[in-house]
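What follows is a set of notes on a single structure, which appears directly below.
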Amino acid sequence: MPLDELYKDIILDHYEYPRNKGQIESTTCTCAGGDNPICGDSVDVCLSLDDDHVVAVAFEGRGCAISQASASMMTEAVEGKAVADVQRWYRTVHGLLTNHPDEIDAELDLGDLEALEGVRQYPVRIKCALLAWEALRVALRQALAGGEAAQQHAVVTTE
Ligand code: ZN
């Protein structure tokens, strides 16, 4: 199977069978939402921290397959991870999508996220893929600042 086809299958699988979609069962979750008006995508990410680990993460959203698949993959990548590792994941995916190899941590096993690399060829789609990750970043920052159940707005940047 050509790599492009394989990537497409992975993205469609996450789109059709999203992981961790819905709400997390925690009274102390922190959420952040983001929109990508160019494509009509919307993603809200909620996470719950225990000490310095993400013990639960979930998303709600609608929009194109890439935006929703990226959100699904993001939750799988960061669930159970230490905050420092989540930040490494964010930088790596951002670097992968925006073609900044210096941001990519070669020690991370990308797994399904490798499928997002193909998105780089379509500049208009990069924001779709980044949306959930920007929401994650804002939610994490808010959680670390001690904000509970606060709704923040993420701005997608492709710098
Ligand atoms: Zn989109």
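List of remarks:
- Residue count for the range 18-34, restricted to those that are basic (K, R) and under 11 Å from D44 (Cβ atoms): 1
- Annotation note: Cβ proximity below 8 Å between a residue of the range 102-123 that is without any contact (Cβ under 8 Å) to a residue 40 or more places away in the chain and a residue that is small (G, A, S) (sequence gap 6+ or interchain) occurs for D102/G95; E103/G95; I104/G95; G111/A77.
- Residues in the range 114-122 include at least one that is assigned to a loop (DSSP other than H, G, I, E, B), surrounded by fewer than 21 Cβ atoms within 10 Å (Cβ to Cβ) and over 12 Å from the mean Cα position of the chain (by Cα).
- Conditions (1) within 16 Å of the ligand (Cβ to nearest atom); (2) surrounded by 15 or more Cβ atoms within 10 Å (Cβ to Cβ); number of the one not met by R62: (2)
- Among (1) closer than 26 Å to Q142 by Cα; (2) surrounded by fewer than 20 Cβ atoms within 10 Å (Cβ to Cβ); (3) within 16 Å of the ligand (Cβ to nearest atom), the one test that E103 misses: (3)
- Residues in the range 66-92 that are among the aliphatic types (A, V, I, L, M) and either surrounded by fewer than 17 Cβ atoms within 10 Å (Cβ to Cβ) or away from the ligand (no atom under 16 Å from the Cβ) (or both): A77, V78, A82, V83, A84, V86.
- Answer residue from the range 42-85, given it is part of a helix (DSSP H, G or I) and charged (D, E, K, R) and is nearest to the chain's Cα centre (by Cα) among those: E76
- Hits in the range 8-18 (condition: buried (at least 18 other Cβ atoms within 10 Å of the Cβ) and either more than 16 Å from the ligand (Cβ to nearest atom) or more than 21 Å from G111 (Cα to Cα) (or both)): I10
Coordinate-derived values only; no laboratory data. None of the values given here were measured: they were computed from a predicted structure. Note that we place each Cβ from the backbone using ideal geometry, even for glycine, and neighbour counts take in every protein chain shown.
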